[in-house]
Amino acid sequence: MDRAPTLEILAREPEGFSIWNGPPFNNGQPKVKLERVLCTAAKYCESGSRLMVMESSSSICVYDCNTSTKIKSFDIPAVSASTLSPCGTFIQTFQKSTTPQEKNVVIWLIENGAAVYQHFQKNLTKTTWPAIQFSSDESIACRMVTNEIQFFDGKDFTKGIIYRLRVPGVMAIELSKTPGSHIAAFVAESKGVPASVQIFSCKQDAQAQPIARRSFFRCSSIQLHWNHGSTGLLAVAQSDVDKTNQSYYGESKLNYLTTDGSHEGLVPLRKEGPVHDVQWSPSGLEFAVVYGFVPSRATIFDHKSRPLLELGSGPYNTIRWNPKGKFICLAGFGNLPGDMAFWDYSEKILIGTTKAECSVSSEWSPDGLYFMTATTAPRLQIDNGIKIFHYNGSLYFKKMFNKLYQADWKPEAPENFGDIMDLVKSVSILKIDETKTQANTSQAAAKVSMNTSQAATKVSTNIMQKPVAYRPPHAKNAAAVKAELFGGISSSEEINKNAMRNKKRREKQREKKAAEASTAASDDN
C-alpha cells in the first residue's frame, strides 16, 4: 500500500500565505513547508494538485502542490475574479468590461498559458460565477445564458458549444460533479407561474424533457446540493418575506428530488423555522439537516427522505460530515456562541462537546481525524486564530494571529488515507505517547519542587506553616497552560498577590492598634 499523503494547512495573513505540514505535529508545533509568499488571494483546486495565487490585481500564478513550486504565471490586467478547474487543468478569469465586444471571461490552459475559450459576461454575481461549471473529472463543462444552457467538451474547448439545452427563464444552474451526468436548473416565479427546480440529463439525446421537477411559490433564491453519485438533489428555497411574520430573515423550505423520479417533495422537518444548513454524507446515501428556530434541531435522513437519527437540539446552525462518513460535527457559529457536538455516526453516540467562539470557517481534515476552526478578518478584526480539534472534540492545537484572512486544508482524496479505524488507533497511540512525556515532565518538576521545599524547611524549621490541600502536578500544569493560552495570571501568582495584600492589611491593623494604645496611655497620664 502506498504511503498516506501528509496533511497540509494554508494560512494567509496580510503579508501573504504560508503552508504548514498538518497534524500530528512534532513537539506540538507545525513545520513550515513553504515560507510566506506575498499575495491577495489563494485557492486550491478541488483535487488539491494545484494552488492558484493572486499576487496582485493583474498577476496570477499557479503552484504545483507536490513540489510547492511556481509552474505558470499570467499577466491579466484588472482581474476581478479567478478560479481553478477541479483537476487544475484550467484557470478561469473575469475582467471588468465596458462593451460586449470585449470578451472578459477567459478559460486558460495552464500547461501552455493559451486562452482556449472566451465570452462576454456583463455582471459578476454569486449565481453566475464561476461562469463555466465543470464536473469533477472535467469531462463535462457548461454555461448558463438567457433561456439556455450551453454544453462544452471539458477536454477540448476548441470544439466550441457542442449542444444547447433550452430552459426558458433559467436563473441558476448546478452541474452534478461525481459523475457529471445531470444538471439542475432553477426557474424563478413569473407572472403567476410558480418557481421550479428541474433536473435534466447531460446526454444530448435525452435532454428534451426534465426527468424530475418540483414547483413552489414564494422563492427569491435557491441553494442546490448534489450528492455523491448524482442520484439526489437537495434544493433550499429561500423567500425574503415570511408570511407568518415569525422571522425577520424570511422563510426557507427544503425540497428533495431524485434522478430516478422516485421522490419529488418537501423533506419532513419536525420544527418550524429556517433551514440553517444541509450536507450530504460522503456515500451520498444520507443527508443531515440543521433547522428550526433556535434551539434548532438536527436530523439525519436516508436517501428516501426518512428520518434515521436525531442529533438533538441546541444553539446550532452548522453541520459538517467528515470525509470518511464516520464522524459528524454539529456546531453553532456566526452569531451563535460556538458550541460544538461531535458524534460517531457509525455507533450513533455523542463522543464529545466543546466550544470554538467567534469561528468564521470550519472544516474536517481530509483524513477525517481533525476538525479545524478559524477566526478570520475582515469578518472579525480581533482574536484571529486557528484551533484544531481531535475527532472527539478535544483541543489539539491553537495559534493566534494579529490578523488572519484564511485557513484551509489542502484537499486530498479521503481514500488515500486508509481505513478510518486504523487512523483512529494510530492517533490514540500518539496521544498515549504525548501523555507519557507530559507525565515524565511533571514528575521531574515535582522532584525539583520537593527538593526545594526540603531545603527551605531546613533553613526555617522554627516557622509553623498551615497545611494546604494537595494539588497534583497535572492540575498545576493545567493552570499554567490555561494562563498562557487565554491570558491573565496563573493561580500561584494570584495566591502570592493575595498573600501580599493580606500581609499589608494585617500590618495596617497592628499600626492602628498601637496608635490607639499610645493615645489611651497619654490620656491616663
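Points to keep in mind about this one:
- Selection count where residues are in contact (Cβ under 8 Å) with a residue 40 or more places away in the chain and surrounded by fewer than 16 Cβ atoms within 10 Å (Cβ to Cβ), scope segment 201-212: 1
- Residue satisfying all of: in segment 136-165; within 21 Å of Phe94 (Cβ to Cβ) and of a type in the set (S, T, N, Q); least open to solvent (accessible area, probe 1.4 Å) among these: Gln150
- Test result for Ile319, among the β-branched types (Val, Ile, Thr), open to solvent by 30 Å² or more (accessible area, probe 1.4 Å) and either touching a Cys at 6+ places or on another chain (Cβ under 9 Å) or free of Cβ contacts under 8 Å to residues at least 24 places away in the same chain (or both): no
- Residues of segment 388-426 that turn out to be of a type outside the set (Ser, Thr, Tyr), open to solvent by 30 Å² or more (accessible area, probe 1.4 Å) and in a strand (DSSP E or B), as a count: 5
- Whichever residue in segment 37-90 is within 17 Å of Glu13 (Cα to Cα) and in contact with a Leu (Cβ under 8 Å, 6 or more places away or on another chain) and, among such residues, is most open to solvent (accessible area, probe 1.4 Å): Lys43
- Of the residues making up segment 94-105, not a single one is touching a strand residue (DSSP E or B) at 6+ places or on another chain (Cβ under 6 Å), in a strand (DSSP E or B), open to solvent by 50 Å² or more (accessible area, probe 1.4 Å) and over 21 Å from Leu224 (Cβ atoms).
- Segment 336-349, subset out of contact with any Lys or Arg (no Cβ under 9 Å at 6 or more places or on another chain) and in contact (Cβ under 8 Å) with a residue 12 or more places away in the chain, residue surrounded by the fewest Cβ atoms within 10 Å (Cβ to Cβ): Lys348
- Residue check for Ile161: within 25 Å of Val105 (Cα to Cα) and free of Cβ contacts under 8 Å to residues at least 12 places away in the same chain: yes
- Within segment 176-195, being touching a Phe, Trp or Tyr at 6+ places or on another chain (Cβ under 9 Å) and either in a loop (DSSP other than H, G, I, E, B) or of a type in the set (Ser, Thr, Tyr) (or both) holds for Ser176, Lys177, Thr178, Gly180, Glu189, Pro194.
- From the list Leu369, Leu336, Leu330, Leu380, the lone residue that is more than 13 Å from the chain's Cα centre (by Cα) and closer than 28 Å to Glu412 by Cβ is Leu369.
- The one condition in (1) crowded, with 22+ Cβ neighbours inside 10 Å; (2) assigned to a loop (DSSP other than H, G, I, E, B) that Thr373 fails to fulfil: (2)
- Within segment 268-293, considering residues that are over 16 Å from Gln238 (Cα atoms) and in a loop (DSSP other than H, G, I, E, B), the one most open to solvent (accessible area, probe 1.4 Å): Arg270
- Of Ala81, Ala115, Ala42, all but one fail to be outside any loop (DSSP other than H, G, I, E, B), among the small types (Gly, Ala, Ser) and within 21 Å of the chain's Cα centre (by Cα); the exception is Ala42.
- In segment 118-140, the residues that are more than 22 Å from Tyr63 (Cα to Cα) and among the aromatic types (Phe, Trp, Tyr): Phe120, Trp129
- Test result for Gly180, out of contact with any His (no Cβ under 8 Å at 6 or more places or on another chain), on the phi > 0 side of the Ramachandran plot and open to solvent by 10 Å² or more (accessible area, probe 1.4 Å): no
- Residues of segment 56-68 that turn out to be more than 13 Å from Ile91 (Cβ to Cβ), outside any loop (DSSP other than H, G, I, E, B) and more than 24 Å from the chain's Cα centre (by Cα), as a count: 1
- For Pro168, the stated conditions hold: it is assigned to a loop (DSSP other than H, G, I, E, B), touching a strand residue (DSSP E or B) at 6+ places or on another chain (Cβ under 8 Å), farther than 13 Å from Ser85 by Cβ and open to solvent by 50 Å² or more (accessible area, probe 1.4 Å).
- Cross-chain or 6+ apart pairs with Cβ under 7 Å, segment 22-35 first and touching a residue at least 12 places away in the same chain (Cβ under 8 Å) and under 16 Å from Tyr370 (Cβ atoms), then assigned to a loop (DSSP other than H, G, I, E, B) and open to solvent by less than 30 Å² (accessible area, probe 1.4 Å): Gly22/Leu7; Gly22/Ser365; Pro23/Leu7
- Evaluation of Gly265 against (1) assigned to a strand (DSSP E or B); (2) open to solvent by less than 30 Å² (accessible area, probe 1.4 Å); (3) modelled with pLDDT of 95 or more (one fails), failing number: (3)
- Of the criteria (1) open to solvent by less than 50 Å² (accessible area, probe 1.4 Å); (2) in a loop (DSSP other than H, G, I, E, B); (3) in contact with a Pro (Cβ under 8 Å, 6 or more places away or on another chain); (4) not β-branched (Val, Ile, Thr), which one Gln198 fails: (2)
The values are calculated or read from the model by the stated rules, or taken from the named source; none is laboratory data. All values derive from a computational prediction rather than experimental measurement. Neighbour counts are summed over all protein chains in view; Cβ atoms, including those assigned to glycine, are modelled from backbone coordinates with ideal geometry. Ligands, DNA and RNA are stripped out before the accessible areas are found, and what is left, the full protein with its side chains, is counted by its heavy atoms. Shrake-Rupley method; radii C 1.70, N 1.55, O 1.52, S 1.80 Å.
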